[in-house]
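Everything on this sheet refers to the single structure shown next.
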Amino acid sequence: PVVLQVFSDFECGFCARLRPTLEALRERFGEQLRVVWRDLPLERHANALRAAEAAREVRAQRGDAGFWRFHDILFAHQDALELDDLARYAAEVGADPRRLRAALDDHRHEAVVRADIAAAQATGIRLGTPMTLINGHALVGARPLEEFVQRVQSLLPPPP
């Protein structure tokens, strides 16, 4: 499949605008497209790193489906990403809020988030969020759906 890596920040308004684009791409291309979430919390967003760590914990507890539900809730409530909010959202998707708080207290997912930040920096691309790599080809910003569709289609094998 074509691999679309999304480097994103849960507190970024432009990243929230990309959410419906990702959903449309998954619906359109199905198994031909693999969407990989990568964290790129910006330092100027006070709650972005904690939200990224919380999302990693939700994934650990509830798998990919739980993560994507949590992801959607975070983007729908970007103005409410304090610890109590994150715990409440985790409970909404069936994760244990006590385990989430413990994971945030001991920063058990921070190294993975920081590894994503380092991977984004290693691309040499001027960092901005959202940043997507489609089989290594960069698109920076909340670009129109058609730009993504054209890029993905150009990388797929021709139909038989």
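The values are calculated or read from the model by the stated rules, or taken from the named source; none is laboratory data. Keep in mind that what you see is a predicted model, and the values were worked out from it rather than measured. Cβ: placed from backbone, ideal geometry, glycine included. Neighbour counts: every protein chain shown. Accessible surface areas use protein heavy atoms only, side chains included; no ligands, DNA or RNA. Shrake-Rupley method; radii C 1.70, N 1.55, O 1.52, S 1.80 Å.
Annotations
- Checking each residue in region 1-33 for being among the hydrophobic types (A, V, I, L, M, F, W, C) and in a strand (DSSP E or B) picks out Val2, Val3, Leu4, Val6, Phe7, Leu33.
- Cβ-Cβ under 6 Å pairs, at least 6 apart or on other chains, region 140-160 side more than 17 Å from Gln5 (Cβ to Cβ), far side part of a helix (DSSP H, G or I) and among the hydrophobic types (A, V, I, L, M, F, W, C): Leu145/Ala24
- Scanning region 48-71 for residues that are at negative phi and either open to solvent by 20 Å² or more (accessible area, probe 1.4 Å) or without any contact (Cβ under 8 Å) to a residue 24 or more places away in the chain (or both) gives Leu49, Arg50, Arg56, Arg59, Ala60, Gln61, Arg62, Asp64, Ala65, Trp68, Arg69.
- Contacts under 9 angstrom Cβ, first residue in region 1-23 being open to solvent by less than 40 Å² (accessible area, probe 1.4 Å), partner in a loop (DSSP other than H, G, I, E, B) and of a type in the set (Asp, Glu), 6 or more apart: Cys15/Asp9
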